[in-house]
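Written out below as structure tokens is the structure these notes cover.
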Amino acid sequence: MSILAWIVLGLIAGFIASKIYVGSGQGILMDIVLGIVGAVVGGFIFDKLGSTGVTGFNIWSMLVAIIGAVLVLWIYHAVSGRSA
């Protein structure tokens, strides 16, 4: 995937994960970062579980990125001491 596709995927996944976990976005830059990190984390986890990780700009990759971003967001809040 191109860097632009990763940014768009990250923005969408981070925004959706923020809405799922917190109820409001974290800001556009933080949403992008959370989404991209979430895509990497989700892809790694799904790969270790024997499934397919992020494969491109498609629905499956979006689902993997959202799950990873929710996990990253949970860890971020646990470490920073912020409540959800």
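The values are calculated or read from the model by the stated rules, or taken from the named source; none is laboratory data. Note that this is a predicted model, so its numbers are computed, not measured. Every residue, glycine among them, receives a Cβ derived from its backbone with ideal geometry; neighbour counts consider all protein chains shown.
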In the set Ile36, Ile67, Ile59, the lone residue that is under 14 Å from the mean Cα position of the chain (by Cα), over 17 Å from Ala5 (Cα atoms) and modelled with pLDDT of 75 or more is Ile67
Selection over segment 40-67 where residues are in contact with a Leu (Cβ under 9 Å, 6 or more places away or on another chain) and crowded, with 19+ Cβ neighbours inside 10 Å yields a count of 5
Across (1) over 10 Å from the mean Cα position of the chain (by Cα); (2) modelled with pLDDT under 80, Ile75 clears everything bar (2)
